[in-house]
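The values are calculated or read from the model by the stated rules, or taken from the named source; none is laboratory data. Bear in mind the structure is a predicted one, so any value in this text is a computation, not a measurement. Note: ideal-geometry Cβ built from the backbone for every residue, glycine included; neighbour counts use all protein chains shown. Surface areas here come from the heavy atoms of the whole protein model, side chains and all, with no ligands, DNA or RNA. Shrake-Rupley method; radii C 1.70, N 1.55, O 1.52, S 1.80 Å.
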Amino acid sequence: MNNEINTKSNGSSAEPPGAKGVLECLRSSRQFVMCAHEKPDGDVLGSGFALGMALKRIGKDVVYFLDDDVPANLRFLPESQLTQRTFDGVADDAIFVFLDMSDQWRAGKALNWVPPERIINIDHHLGNHRFGRWNLVVESEAATGSLVLGLIVALGVPITSDIATCLLAAIISDTGCFMYSNADPHTIRLAASLMEAGAQKDRINEQLYQTRTFSGQKVLGRALDTATLTDDGICYSVVSRAMLEEFGATYEDLEDVVGALRAVDRCEVSALLKEAPDGTFRVSMRSRGRINVMAAAKKLGGGGHFRAAGATINATQDQALSAVLTAIRAEMAEGARAAG
Ligand SMILES: [Mn+2]
């Protein structure tokens with residue numbers, strides 16, 4: 001099976017820069033701590049569990065550190081019951097594998113003490129800070145899971161059905177079930193190999209895209225009902241803490257809202273402002289493909305991808321909304337200039 005999986009991007013036979021060093025470290029070290037970013041998604045968790053299972057098969061010790069709960073819709077992933085919020089059992093020589101994050105801060109406060117010389121950084125975000133001693137960053141990959149698949153194959157570990165399910169969940173999660181433009185032929189080929197290796201595609205899609213809490217659907221309804229569509233194509237809505245409380249919904253329930261706003265036919269960029277428990281606002285933005293929302297997010301102190309990005313804004317609701325619209329409009333003007 002392994003020999004049949006070509007994990008190289010664009011048919012190239014070369015290993016991506018950084019892969020060699022990462023593989024040497026994976027082979028030579030004894031213990032690994034898989035590290036996820038805050039608000040973990042299918043890519044970061046699927047990648048971590050898959051790599052963890054592969055490393056265990058070659059006799060390594062693996063800890064899954066997560067300063068959070070596994071989201072309900074990802075609890076079907078193998079290994080998801082093994083995450084821990086402490087560093088119990090982590091040795092002084094353990095290597096920390098940071099997955100799917102452009103800088104160390106995305107992992108949250110609990111992991112900011114880890115020194116670079118103990119960090120492997122595996123990621124596909126634009127503008128990754130190369131914060132590890134070993135960095136495997138390929139921006140053209142649709143998911144961190146694609147890079148992890150390449151590593152597991154290179155380690156010579158068989159792709160079990162559990163590993164395949166975790167990696168396919170990573171790819172499906174980051175491509176919006178192959179809907180986004182990053183689902184290129186290379187990525188779809190990887191997904192096909194994972195299905196051949198026994199990945200549970202239907203289960204993944206059922207969990208990620210077809211299962212919602214009732215309170216979450218109610219909040220989605222309210223957010224759509226109160227949304228605004230501007231003349232220049234920005235569709236936005238605000239979800240307050242009070243609104244979540246009214247429906248008994250959680251932040252996890254809001255994942256789909258910004259996508260539903262973006263689906264509006266005249267919408268170029270959608271934005272959802274979510275009031276956090278500490279009173280700050282978290283903005284998520286999605287672009288139809290012409291406007292770079294990552295650049296808009298950067299102006300707000302955040303980051304992400306060209307079509308999907310976010311930031312945290314410490315301001316009142318009115319100020320936060322105004323800052324978001326200003327940042328998006330600056331990118332619209334930039335896009336118009338570039339188009340000449
Ligand atoms: Mn990702």
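Just a few scattered comments:
- In sequence order, calculated HN-Hα J values of segment 227-243 (Karplus, 6.51, -1.76, 1.60; Hz; x Gly/Pro): 5, 10, 10, 7, 4, 8, x, 9, 10, 9, 8, 10, 10, 8, 4, 4, 5
- Beta-bridge orientation, segment 171-278: approximately 25 percent antiparallel, per DSSP, counting only bridges with both partners inside.
- Accessible surface ranking that places the most exposed of Trp134, Trp113 first, with a 1.4 angstrom probe: Trp113, Trp134
- Positive-end ranking of Ala242, Ala308, Val219 along the dipole of segment 214-339, with charges on Cβ about the Cα centre, is headed by Ala308.
- Heavy-atom accessible surface of Arg288, to the nearest 10 Å², is about 80 Å², with a 1.4 Å probe and all protein chains retained.
- Under 17 Å from the Arg203 label point (7 Å along Cα→beta-carbon), backbone N, segment 135-163: 159-163
- Cysteines in the chain lacking a second Cys C-beta under 4.7 Å: Cys25, Cys35, Cys166, Cys177
- Scanning residues 5 or more positions from Ile95 or on other chains, those with amide H under 5 Å from its amide H are Gln31, Phe32, Val33, with H placed 1.01 Å from N in the peptide plane.
- Of the complete DSSP H runs in the chain, those spanning 18 angstrom or more by Cα along the long axis with a mean Kyte-Doolittle score not below 0.0 are 42-57, 161-174, 317-339.
- With every protein chain in place, the chain: carbon and sulfur % of accessible area (1.4 Å): 49 percent
- Computed over the chain with a Gaussian network model linking Cα atoms closer than 10 Å, the most mobile of Phe96, Phe131, Phe87 is Phe87.
- The chain, dipole about Cα centre (Lys/Arg Cβ +1, Asp/Glu Cβ -1), debye to the nearest 20: 460 debye
- Just checking the listed ones, Ala143, Ala183, Ala91: in the Gaussian network model of the chain with Cα springs under 10 Å, the one fluctuating most is Ala91.
- Å³ per residue enclosed by the Cα convex hull of segment 214-339: 93 Å³
- Within a Gaussian network of the chain (alpha carbon springs, distance under 10 Å), most fluctuating of Arg130, Arg307, Arg266: Arg266
- With contacts taken as Cα pairs under 8 Å and at least 6 residues apart, the chain reaches a relative contact order of 13 percent.
- For segment 2-209, the average shadow cast by the Cα convex hull is 10.1 nm², which is a quarter of the hull's surface.
- The antiparallel fraction among DSSP beta bridges confined to the chain stands at about 40%.
- Ligands, DNA and RNA aside, Asp92 has an accessible area near 150 Å² when probed at 1.4 Å.
- Listed residues Ser102, Ser47 arranged by accessible area, highest first, probe 1.4 Å: Ser102, Ser47
- Solvent-accessible area per residue, Å², over the chain with all protein chains present [probe radius 1.4 Å]: 45 Å²
- The calculated 222 nm mean residue ellipticity attributable to helices in the chain amounts to -11500 deg cm²/dmol, summing -39500 (n - 2.57) over DSSP H runs of n ≥ 4 and dividing by all residues.
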